[in-house]
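The values are calculated or read from the model by the stated rules, or taken from the named source; none is laboratory data. Because the structure is a prediction, the values reported are computed rather than measured. With ideal geometry, Cβ positions are generated from the backbone for all residues, glycine too; neighbour counts draw on all protein chains shown.
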Amino acid sequence: MSKAKPLKMANAGEEKLCLDSEPPKNFEGGPETKPTKSKQAKPEAKVKIALVSCGTEYGGVQPAFEEAAAKVNAEFIYPEIDIKSLDTIGKDFGIEAASGDLRLMMARAQAVVRGETIADGVFVTTCFRCAEAAIVRNEVRRYIHQKSNIPVISYSFTEQTDAVTLYTRFEALTTIAKRRHLLAREVQHGITAGIDSGSTTTKAVIMKDNKIIGIGWGPTNEVLDSAEKALVQALEMAKIDRSEIQAMGTTGYGRYLVGEHYNADLIQEEITTNSKGAVYLADVQKGPATVIDIGGMDNKAISVEDGIPGMFTMGGICAGASGRFFETVAKRLNVDITELGDLAMKGLQENVKMNSYCIVFGTQSLVNSLAKGALPKDVAAAACRSVVEQIYQQQLQEVDVKEPVILVGGSSLIKGVPRELSNLLNVKVIVPENSHLIGAVGAALLASGFVEE
């Protein structure tokens with residue numbers, strides 16, 4: 001085993017006053033790792049992402065796409081096609097699209113699958129305003145996923161889409177394309193730490209020889225201070241000194257700030273670390289799985305095969321399907337967030353109609369229902385149903401849902417959520433032990449790839 005490396009001590013006075021959801025301005029390239037001790041490595045080749053769209057340049061968002069891709073050392077390629085194929089491509093997909101741009105989309109997807117264009121990943125995107133485009137986007141995404149091993153993400157853009165919004169999506173896509181060998185890791189060894197600097201809570205775990213031996217977590221206030229407190233808790237529980245840690249991984253909104261501070265071996269986005277932590281904790285690292293992660297400010301749906309994401313989507317337009325909404329509900333019902341799940345299990349969601357698209361309208365529904373005499377337990381159950389309905393209607397339409405379905409994130413601990421998700425999907429939903437720690441666990445597991453034998 002390698003010797004443990006020294007970890008820096010946190011100094012809150014040095015901290016920035018924001019969450020680093022994107023890398024520092026001087027950062028170039030994809031997911032960050034420490035440089036090797038050998039002679040300076042050659043610059044990595046750019047990741048080639050096939051852009052399969054209905055015309056991002058018409059929506060004025062192409063510069064944002066290019067900026068986000070450049071930040072992860074990626075470049076777009078545009079698959080070449082035979083113009084004659086546009087007349088017949090609809091038959092291959094079973095969709096006769098009226099738009100020539102949508103037919104071009106399908107033809108380009110076919111070129112990628114057939115190997116006529118070599119791509120490391122595919123980004124499928126259309127304007128959110130077009131219903132026909134949404135149908136074609138989903139079919140194209142499914143076609144690529146089923147007929148190739150190329151990672152794919154689909155996204156509906158708006159006129160306000162910017163590089164910051166796109167960054168994590170592109171980072172995950174390039175991580176999957178470049179680092180499959182690391183993502184294939186199934187067993188942790190050595191002594192490693194993982195820190196998940198999330199939007200609302202910060203989690204830390206210590207792992208030793210494939211077992212979690214220390215856990216720490218608390219609210220995210222000042223990012224570095226919160227990370228230090230969580231790490232100290234985990235170290236105390238593990239009964240080890242920080243000097244014994246052989247490798248560290250960081251993830252979450254504050255991953256760059258925390259990773260740079262502690263000289264982490266691995267700084268990686270949430271899509272790959274959370275999905276890896278989820279399948280590890282659920283003990284389903286072989287075969288297909290669907291990971292649904294309901295976080296403090298957003299949610300994610302990820303199709304996984306042998307522990308590696310194949311396609312994924314992220315929420316974020318509205319906090320109506322996140323932990324923020326549950327905090328609002330708990331406050332209005334005058335119960336602690338930890339008690340909301342038990343209350344929901346006693347209620348019936350069908351007794352209360354609640355908006356499932358917006359945190360503002362959802363809150364209005366909550367207030368109106370209580371004013372009409374609805375029982376708090378029924379309102380709590382309806383809130384759980386509202387969240388899972390939004391995830392179903394938005395995120396789960398962008399991935400192929402295959403069993404087992406694994407529910408993770410802090411909101412998975414609210415008992416009414418897995419119940420309503422199971423009822424909606426008509427499948428058994430797995431909530432593994434420590435489901436709220438998946439990011440930290442995934443980071444610690446992947447970081448063990450940097451522990452020398």
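Restricting attention to segment 140-192, report how many residues are outside any loop (DSSP other than H, G, I, E, B), out of contact with any Asp or Glu (no Cβ under 6 Å at 6 or more places or on another chain) and buried (at least 17 other Cβ atoms within 10 Å of the Cβ). Let's see the steps before the verdict.
We begin by selecting, within segment 140-192, every residue outside any loop (DSSP other than H, G, I, E, B); these are 140-147, 152-157, 163-178, 180-183, 191-192.
Those left that are additionally out of contact with any Asp or Glu (no Cβ under 6 Å at 6 or more places or on another chain): 140-147, 152-153, 155-157, 165-166, 169-170, 173-176, 178, 180-183, 192.
Pick out the ones that are also buried (at least 17 other Cβ atoms within 10 Å of the Cβ) and you get 140-145, 152-153, 155-157, 165-166, 169-170, 173-176, 178, 182-183, 192.
Residues meeting the conditions: 23.
Please find, within segment 104-119, the residue that is surrounded by the fewest Cβ atoms within 10 Å (Cβ to Cβ) out of those that are charged (D, E, K, R) and under 19 Å from Ile153 (Cα atoms).
Arg114
On the given criteria, is Val417 hydrophobic (A, V, I, L, M, F, W, C) and touching a Cys at 6+ places or on another chain (Cβ under 8 Å)?
Numbers: hydrophobic (A, V, I, L, M, F, W, C): yes; touching a Cys at 6+ places or on another chain (Cβ under 8 Å): yes.
Answer is yes for this residue.
So Gly214 passes all but one of these: (1) out of contact with any helix residue (DSSP H, G or I) (no Cβ under 7 Å at 6 or more places or on another chain); (2) outside the structural domain of Cys127 (by TED's automatic domain parsing). Which condition number does it fail?
Status for Gly214: all satisfied but (1).
Working only within segment 41-83, note down all residues that are of a type in the set (A, V, I, L, M) and out of contact with any Phe, Trp or Tyr (no Cβ under 8 Å at 6 or more places or on another chain).
Of segment 41-83, the ones of a type in the set (A, V, I, L, M) are 41, 45, 47, 49-52, 61, 64, 68-70, 72, 74, 77, 81, 83.
Within segment 41-83, Ala41, Ala45, Val47, Ala64, Ala70, Ile77, Ile81, Ile83 meet the criteria.
Among the residues in segment 316-334, are any over 28 Å from Ser448 (Cα atoms), without any contact (Cβ under 8 Å) to a residue 60 or more places away in the chain and surrounded by 24 or more Cβ atoms within 10 Å (Cβ to Cβ)?
yes
Pull out all pairs, ordered by first then second residue, where Cβ-Cβ is under 6 Å, the residues are six or more apart or on different chains, the first lies in segment 54-78 and is closer than 18 Å to Arg108 by Cα, and the second is surrounded by 15 or more Cβ atoms within 10 Å (Cβ to Cβ) and of a type in the set (Lys, Arg).
What qualifies is Glu75/Lys46; Ile77/Lys48.
Name the residue, out of Asp225, Asp196, that is charged (D, E, K, R) and either within 28 Å of Val72 (Cβ to Cβ) or part of a strand (DSSP E or B) (or both).
Asp196
Of the conditions (1) assigned to a loop (DSSP other than H, G, I, E, B); (2) more than 18 Å from the chain's Cα centre (by Cα); (3) among the aliphatic types (A, V, I, L, M), Val232 clears all except one; give me its number.
(1)
Write out, first by first residue and then by second, each pair whose Cβ atoms fall under 9 Å of each other, whose residues are 6+ apart or on separate chains, and whose first residue, in segment 282-294, is without any contact (Cβ under 8 Å) to a residue 40 or more places away in the chain while the second is part of a helix (DSSP H, G or I) and among the polar types (S, T, N, Q).
Taking only residues 6 or more apart or on different chains, not a single pair turns up.
Taking the condition of being buried (at least 21 other Cβ atoms within 10 Å of the Cβ), at pLDDT 95 or above and closer than 26 Å to Val164 by Cα, how many residues in segment 217-251 meet it?
8
Give all pairs with beta carbons closer than 8 Å in which a residue from segment 99-121 that is part of a helix (DSSP H, G or I) meets a residue that is basic (Lys, Arg) and crowded, with 23+ Cβ neighbours inside 10 Å; count only pairs at least 6 apart in sequence or on separate chains.
Close Cβ pairs satisfying both conditions: Met105/Arg137.
Go through segment 265-289 and report how many residues are surrounded by 24 or more Cβ atoms within 10 Å (Cβ to Cβ), of a type in the set (Val, Ile, Thr) and outside any helix (DSSP H, G or I).
1
Taking segment 102-132 as the region of interest, how many residues are more than 19 Å from Thr313 (Cβ to Cβ) and among the polar types (S, T, N, Q)?
Selection size over segment 102-132: 2.
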